[in-house]
Amino acid sequence: MSSKKPKPEEIIGKLREVANVLARRASTAEACRRIVVSEQTYYRWRKEYGRLTTDQAGRMEDVEKQNLRLRRAILDPTLDTLILQESFLSVWVWLWGRWGREGALATMGFVRALMMG
């Protein structure tokens, strides 16, 4: 079995071939053997690419890549924010233990003023 993933255009071509075989009253199993995929793969492809044309499939692949890139871009700042919040909490606890509530509040106010510009 091949380990490379077929391109959406190839998948749509294979789905059309299966549709032609099924139109001649052949079984789904026979049609799947002709395109060399399992029935499970055929049904998954039909669900995902069934009504798409080849140019729509190409655009869908581009949109999925862009979606992944945007998710990563959103995730990175979120991760940075979480790291900053955890470090802020540890600094707060240390300041509280060292100078008490008022000292910690005063110091964190000073730090916030420095960060804001």
- Message: In Å², and per residue, what accessible area does region 22-114 have when probed at 1.4 Å with the other protein chains present?
- Response: 83
- Task: Can you send over the carbon and sulfur percentage of the accessible area for the chain, probe radius 1.4 Å, protein chains only?
- Result: 57
- Alpha carbon centre of region 46-72 versus region 1-31: separation in Å? 19
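Quick one: length gained pulling residue 80 to residue 105 fully straight, 0.36 nm per residue minus the C-alpha distance? Please report the intermediate quantities before stating the final value.
Values: separation 25, 0.36 × 25 = 9.00 nm, distance 2.34 nm.
Going from the current span to full extension adds 6.7 nm.
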- Message: Taking each pair of distinct Cα atoms in the chain once, what is the resulting Kirkwood hydrodynamic radius in Å?
- Response: 19.3
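Check each of the trypsin sites (Lys or Arg not before Pro) in region 1-97 and keep only those in coil by DSSP with at most 11 other C-beta atoms within 10 angstrom; list them in order.
Numbers: sites: 4, 14, 16, 24, 25, 33, 34, 44, 46, 47, 51, 59, 65, 69, 71, 72; in loops: 4, 24, 25, 51.
Hits after loop and neighbour filter: 4, 24, 25, 51.
The values are calculated or read from the model by the stated rules, or taken from the named source; none is laboratory data. Treat the numbers as computed from the prediction; the structure is a model and nothing was measured. All Cβ positions, glycine included, derive from the backbone under ideal geometry; neighbour counts span all protein chains shown. What goes into the accessible areas is simple: the full protein's heavy atoms, side chains included, and nothing from ligands, DNA or RNA. Shrake-Rupley method; radii C 1.70, N 1.55, O 1.52, S 1.80 Å.
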